[in-house]
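The structure under discussion appears below in the form of structure tokens.
Please treat every number below as a calculation from the coordinates, not as lab data. Worth saying up front: this structure is predicted, and the values here are computed from it rather than measured. All Cβ positions, even for glycine, are placed from backbone atoms using ideal geometry, and neighbour counts span all protein chains on display.
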Amino acid sequence: MRQENISSSLDWVSIGLYAAMVLLGWLNIYAVGYDEAVGQSIFTLSLNSGRQLMFIGASFFIILGIVILDVRFYDAIAYLLYGLLMVMLILVPVIGKEVGGNKAWLGIGSFGVQPSEFAKVATALVVAKYIGSVGFRMDNLRNQAVLFALIGVPMVLILLQKDTGTALVFTSFMIVFFREGMSPFLIIVGFCAAALFILTLLVPNPWYLHTGIVFLLVVLIVMGKKKFKRIALLTIGAILIMGVVESVDYVITDVLKPHQQNRIKALINPDADPLGYGWNVTQSKIAIGSGGFGGKGFLQGTQTKFDFVPEQSTDFIFCTIGEEEGWIGSLLVIALFVALLLRIIYLAERQKNRFARVYAYGAASIFFFHFAVNIGMTIGLFPVIGIPLPFFSYGGSSLWGFTILLFILLKIDAHRGQMLQRI
Amino acid sequence: MNEGRREILQLIIVVTGIIFLVKLFFIQVVDSRYRQMADSNAILRQTEYPVRGLITDRNGKLIVYNTPEFKLEVLLKDVRDFDSAKFCRVFRMSREELRATFRAMKARKEFSPYKPTLFLDQLSNEDFARVQDYMDEFSGFYVLARTTRSYSTPALANALGYVSEISKKQLDEDPSGIYKQGDYVGQSGIEAYYEEQLRGTRGVRFKLRNVKGIIQGSVESGKYDTLSTPGQDLVTGIDLDLQQYGEFLMKGKSGSIVAIEPATGEILALVSGPSYDPNLLTGRKYSSNFRMISLDSNKPLFNRPLMAQYRPGSVFKIAQAMTALQEGVITPETRIRCDRTIINCHGAHTNEDLRGAIANSCNPYFHGVLRRMLNKGKSNDPYEDTRMGLAEWNKHITSFGFGQPLGIDLPNEKGGLIPSPAYYDVAYRNRPWKFSNIYSIAIGEGENLVVPIQMANFAATVANKGFYYTPHIVKAIGKDGLPLSQYRERHYTTIDSAYFKVAADAMQQVVESGTGQYRARLADVIVCGKTGTVENNPPLFDHSVFIAFAPRQNPRIAVSVYVEDAGQGARAAASIASLMIEKYLFGATRRPYIEQYVLAGNFEDVKKQ
């Protein structure tokens, strides 16, 4: 029964969703570059849409390669591939070329790739391999440390390329760890810290926050059992939190770069400086907001034709969808993403071995992070972090990275019967 | 153990989607503000161009300044109720011209109805004054003010360079992202080299517009506007009077004059003949004029002082002499017979010492000197011996700044050539070579190549008795009042300063009693100089070369003069060099007959055979 009919065992629902997204992305990339007066066709190679079509064509061959290779290959090369990509990430700052202020490209002549896009796939594989290995226990501290190191190394290397957005993507593996049994405590602490961080920025005078914390402390002490140990612990906790509040100001002004500070400030109050650091978010919202319910129609957008929002065809591609296709179009795109994510989780849960399941969750986490952060930033729910919208944004490396991520999963899924023995 | 976690994740995904859709519903459907903002495009971003830095000469005379210019841009999608008759009246154009302008604009590659596009270029001050009251009535049209470069003098064109709109290629290759289409950028000369200092930073103004696209005023009374900051002014070391005099003398000739202040390395004059008027390369006629100038067979855009590479000729004998003294193969008293069998000579002399040999420019003497330098007998193998000698020779000669670009603050400087053993290995394709193959470098012929600025720098080095500051045009940038740091450090040669006295003695003798005595000698001041006559292809005359510095004590000026196709160095070049020195030291020449002689330009009576 081996290999008897690979095409029938592939998950065609996912493939359909994938194809729909890539097609819509391509059309929107065309819409961004479209100029009524010139009227070039979608296939014109000097336009981004023409080049994107080439990238899509190349993806087809990548998919073919992934499907043809033996399924055990992906399990076997996880560590090797991960090591190789880490080396490439180290090389990038040394021999890479700079594009748009970020030195994230390895180039051969005019052809360049971003190793960071492929590092996501490698990390998903290596995390799956490690969690799937014999004797792994999520409650073992050593095992946890190794896991954090596995996602920490690419994060740090990518941070060195000053590509904060892509580095942050690796935090999405927390979702995988959560699913595989890590205590939610860590994640909750992380969320609380982030919430506190933003709260500190929102509230101009830290003494309001301190008062609030003291009030909360008193309430907790009065309400609960009046044991000395508990009261002591709560007090220490409160003092720590107040310390964090005080340090946020320092972090904001001294650790974050000015453009990063501005992005956070723009998120909190974009109207404070709509022409300065709030410009991107304001213009992005104007473009999306002007689309209305039904949109202005394909190629009829005016806002996106201006150079108002930079990275129009890459990170801010959702503006075009919002403007030209309106709320209905946005609904379709969001529905496609939600459907794909739920489908991947469904696939994940039907895997019979841990490696496959963890990999599937890894893929889901990465897609989810990109989806949530990218659309979140264009509509002003999230700071502007330059990461692409999977399958929609213009660019070869990101399209290929996401394609590989998805199709390795589909390949593994197609062979789930064979991998039974290695639970 | 992980029950329920799958469901939590599914829930998070669905909730995220719903949050997005709700938020989108609010900004797209419920809130009409965004639609209005988009429809009226309420805010217009206008660029305020910075004023480029001014360039003055060493005495504060203005050389390059800015004049205002206005251009009319149109954002076609904002044009409503266009009254073409009125437009034609206000802008004084015919209906056909208007139509042609629209057609031309739409035919341009970068044209888009969604971007402000250039409509009329280079409106003058008067045009602007006339039309500005009417601008409210033409929605979609905007007047932008910016400045263009003007030059107070036609002199110094090649050193100043020119400014023009940034090209597509430059824009693509610009790593900084500072430039935008339509920006002016320095394309050559000082304008290019000091682009960063001169350009300043752009400002932005935000204007509110109503539904008709007509500007209503600033956004929040200009709170968000940023002012443009002007570029830094540059003070050059150029003495404009001297520069203009040099160009006057070079009229009708090909060649160059370089004058340097030895104590600082500041360039006093940089004359390239033939030249062009820099005002031709500003404003509306830029393209056609540039074409005309670049196609001129006299190559006025070829900046000879930096780019023309000549064989150094006899001037090189000074450097040879000092190198030989340093190596200890001769003393100032060493006499070598003027044996004219291998290499020819001129003038009546038979057995000179070093000073006499320089004063009479004796070729066999320096043939002998080079033989002693290259064949010191350190190796029994004559090939290996020459090789070692040449390496040492090369080290000394290049320490004068020959053989590589000096690093002056202008683009496209050439480096000349000083042969090294490796060079001859390639030239002889690894066949062996020895002194008898390469001796013509002894008298500054052969493979040696130098650039006029290097020769002036050499004269300055001798004047300074052994060091030089890299020659530079700009002596002060902005408020600092300092040149770039690389122009503030001394470069020492490998020659002891005592030997420079011998060289200066010899150069003084050249002017007082040697080849330079007829045209380079000045009353009241001791001039040190050296003639050179560089072989040229017959039937053209040789190139006439002269380097000099003066006064002997506390030198204030060092010059090199190259006049192509003008014969002996003692004639054209020596005359021009001495006139430049006179002009600089005394303000005017006291020898009108020499000036007449130079202007007449008839240096050789008979064409060479």
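A few remarks follow.
- Region B:547-609 and region B:221-291: distance between their alpha carbon centers, rounded to Å: 23 Å
- Sites residue B:535 and residue B:512, calculated FRET efficiency, Cβ-Cβ separation with R0 25 Å, nearest 0.05: 0.40
- Phi angles across region B:165-173 convert, under the Karplus curve 6.51 cos²θ - 1.76 cosθ + 1.60 with θ = phi - 60°, into 3J(HN,Hα) values of 4, 4, 7, 4, 5, 4, 5, 5, 8 Hz, Gly and Pro given as x.
- Here is the list for region B:269-372: trypsin sites (Lys or Arg not before Pro) lying in DSSP coil, each with at most 16 other C-beta atoms within 10 angstrom of its C-beta, are B:335, B:340.
- Only alpha carbons enter this Debye calculation for the protein assembly as shown, each as an equal point scatterer, and the log10 of I(q)/I(0) it gives at q = 0.04 Å⁻¹ is -0.33.
- In this rough spin-label picture, where each label sits 7 Å from Cα along the Cβ direction, the residue B:348-residue B:388 distance is 4.5 nm.
- Projected label points at residue B:108 and residue A:235, each 7 Å from Cα along the beta carbon direction, are separated by 7.5 nanometres.
- For residue B:588, neighbours were defined as the other residues whose beta-carbon sits under 15 Å from its Cβ, and their charges (Lys and Arg +1, Asp and Glu -1) total -2.
- Value of [θ]222 nm, deg cm²/dmol, for the protein assembly as shown, DSSP H segments ≥ 4, -39500 (n - 2.57) each, nearest 500: -15000 deg cm²/dmol
- Near the amide H of residue B:311, within less than 5 Å, lie the amide hydrogens of B:450, all on another chain or at least 5 residues away, with H placed in the peptide plane.
- Extension gain for the segment residue A:186 to residue A:156, taken as residue separation times 0.36 nm less the Cα-Cα distance, is 8.8 nm to one decimal.
- Span-like helix ranges in chain B, DSSP H, alpha carbon extent 24 angstrom or more, Kyte mean at least -0.5: B:5-25
- Rounded to whole Hz, the Karplus (6.51, -1.76, 1.60) HN-Hα couplings of region A:392-400, x for glycine and proline: 9, 5, 5, x, x, 4, 5, 4, 5
- Amide H within-cut-off set for residue B:475, under 5 Å, with H built and near neighbours excluded: B:235, B:236, B:237
- Distance from the C-alpha centroid of region A:127-180 to that of region B:378-414: 59 Å, rounded to the whole angstrom.
- Paramagnetic label reach from residue B:30 (point 7 Å along Cα→Cβ; backbone nitrogen cut-off under 20 Å): within region A:330-374, residues A:330-332, A:334-335.
- Calculated FRET efficiency for the pair residue A:300/residue A:13, C-beta based, R₀ 25 Å, to 0.05: 0.20
- Contour minus Cα-Cα distance for residue A:293 and residue A:382 (0.36 nm per residue): 29.8 nm
- Other residues within the sphere of radius under 10 Å centred on the Cβ of residue B:306, judged by their own Cβ, net out at +1 (K and R +1, D and E -1).
- Remark: for residue pairs B:251/B:299; A:285/B:23; B:71/B:169; A:162/B:180; A:129/A:411, the C-alpha separation exceeds 19 Å in B:71/B:169; A:162/B:180.
- One chain, two ends: residue B:59 and residue B:14. Fully extended at 0.36 nm per residue, the span grows by 8.7 nm beyond their Cα-Cα distance.
- Its relative contact order, with pairs defined as Cα atoms under 8 Å and 6+ residues apart, puts region B:478-609 at 19 percent.
- FRET efficiency for residue A:148 and residue A:223, using Cβ-Cβ distance with R0 set to 35 Å, rounded to 0.05: 0.50
- A simple rule links phi to the HN-Hα coupling: the Karplus curve 6.51 cos²θ - 1.76 cosθ + 1.60 with θ = phi - 60°, which for region B:264-276 gives 10, x, 6, 7, 8, 8, 9, 9, 10, x, x, 10, 9 Hz, with x for Gly and Pro.
- Long pairs among B:77/B:106; A:296/B:106; B:253/B:317, criterion Cα-Cα beyond 22 Å: A:296/B:106; B:253/B:317
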